[in-house]
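Asks: Following this message is one structure expressed as structure tokens.
Laboratory data are not the source of any read-out in this text; all were calculated from the coordinates shown. Since this is a predicted model, take the numbers as computed values, not measurements. Here the Cβ is made from the backbone with ideal geometry for all residues, glycine too, and neighbour counts use every protein chain on show.
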Amino acid sequence: MPNEVGEPLRVFAGADAIAAAVGETIGPGEWIEVGQDRIDTFAEATGDHQWIHVDPVRAGDGPYGGTIAHGFLTLAMLPVLNAGLFRVDDVSMRVNYGLDRVRFPQPVRSGSRVRGWCLVVSASAIPGGQQVVVRTTVEIEGAAKPACIADYVVRYLA
């Protein structure tokens, strides 16, 4: 699938540059639709075929009036959402080191649009680069609460 977003809002010239941006907020990014095709594809990839995600008829009578995206689908969209927010140049690689905290305050209904914004929370020097914690908030168009708030840890290596 091609990248769904344009050029990032911010480009950092290396690991030290993003480390120097601790406390900076970037965004919001572009809206991306979360349609039923995306939800169904995610269900196929993960084997999670719960009716609230993949059965529009049954879900129509459910608590949300229709199907909703998997929370983990929303989380899996962080790379594309963040690609529209920032990029770190002049590194040999970046490694997803893990997640510190993830919450899903509100479900994403099929057909909704989401976008991200992020905060560079912290950075620490590691051998060969920087370890950076970025908090990404995934907004749902027209909703009062976000779909996801995730602190993820990335290692940028020179």
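Asks: Taking θ as phi - 60°, what are the ³J(HN,Hα) couplings along segment 101-110 by the Karplus curve (6.51, -1.76, 1.60), each to the nearest whole Hz, with x for Gly and Pro?
Replies: 7, 9, 9, 10, x, 8, x, 9, 6, 3
Asks: Which GluC sites (Glu not before Pro) from segment 1-81 combine a DSSP loop assignment with at most 10 other Cβ atoms within 10 Å? Walk me through the intermediate numbers first.
Replies: Values: sites: GLU4, GLU24, GLU30, GLU33, GLU44; in loops: GLU4, GLU24, GLU30.
Of the GluC sites (Glu not before Pro), not one in the loops of segment 1-81 has a Cβ with at most 10 other Cβ atoms within 10 Å.
Asks: How large are Rg and Dmax for segment 91-158 when calculated on the C-alpha trace, in angstrom?
Replies: My reading of the Cα-based Rg and Dmax gives 14.4, 44 Å.
Asks: Could you pull the Rg and Dmax for segment 30-85, using just the Cα atoms, both in Å?
Replies: Final numbers for Rg and Dmax: 12.0, 37 Å.
Asks: Now a separate question. Run the numbers on the chain and let me know its relative contact order in percent, using alpha-carbon pairs under 8 Å that are six or more apart.
Replies: Values: 357 pairs, mean separation 48.5, N = 158.
Result for the chain is 31 percent.
Asks: Can you list the HN-Hα couplings for segment 53-64, worked out from phi with the Karplus curve (6.51, -1.76, 1.60; θ = phi - 60°), rounded to whole Hz and with x for Gly and Pro?
Replies: Couplings: 9, 10, 10, x, 5, 5, 5, x, 9, x, x, 10 Hz.
Asks: Over all alpha-carbon pairs in segment 46-137, figure out the percentage whose distance exceeds 19 Å. Working shown, then result.
Replies: Values: 2192 of 4186 pairs.
Counting every Cα pair in segment 46-137, those more than 19 Å apart make up 52 percent.
Asks: Short version: ³J(HN,Hα) in whole Hz for each residue of segment 132-140, in order, from phi by Karplus 6.51 cos²θ - 1.76 cosθ + 1.60 (θ = phi - 60°), x for Gly and Pro, what are they?
Replies: Per-residue couplings from phi come out as 10, 9, 10, 9, 10, 10, 9, 8, 10 Hz.
Asks: So what is the 222 nm mean residue ellipticity for the chain from helices alone, if each DSSP H run of at least 4 adds -39500 (n - 2.57) and you divide by all residues, rounding to the nearest 500 deg cm²/dmol?
Replies: Numbers: 6 runs with 37 residues, N = 158.
My calculation for the chain gives -5500 deg cm²/dmol from helical runs alone.
Asks: When the Cα atoms of segment 1-42 are enclosed in a convex hull and the volume is divided per residue, what value in Å³ results? Please list the in-between numbers first.
Replies: Working: hull volume 5.2 nm³, N = 42.
Here the figure is 123 Å³ per residue.
Asks: Another question about this same structure. Please express the shape of the chain as an equivalent ellipsoid: the semi-axes are the square roots of 5 times the eigenvalues of the C-alpha gyration tensor, given largest first in whole angstrom. Working shown, then result.
Replies: Working: eigenvalues 199, 43, 37 Å².
Over the Cα atoms of the chain, the ellipsoid semi-axes are 32, 15, 14 Å.
Asks: Kindly express, to the nearest 10 degrees and within the range 0 to 90, the angle between helix 36-46's C-alpha long axis and the longest C-alpha principal axis of the chain.
Replies: That helix lies at roughly 70 degrees to the long axis.
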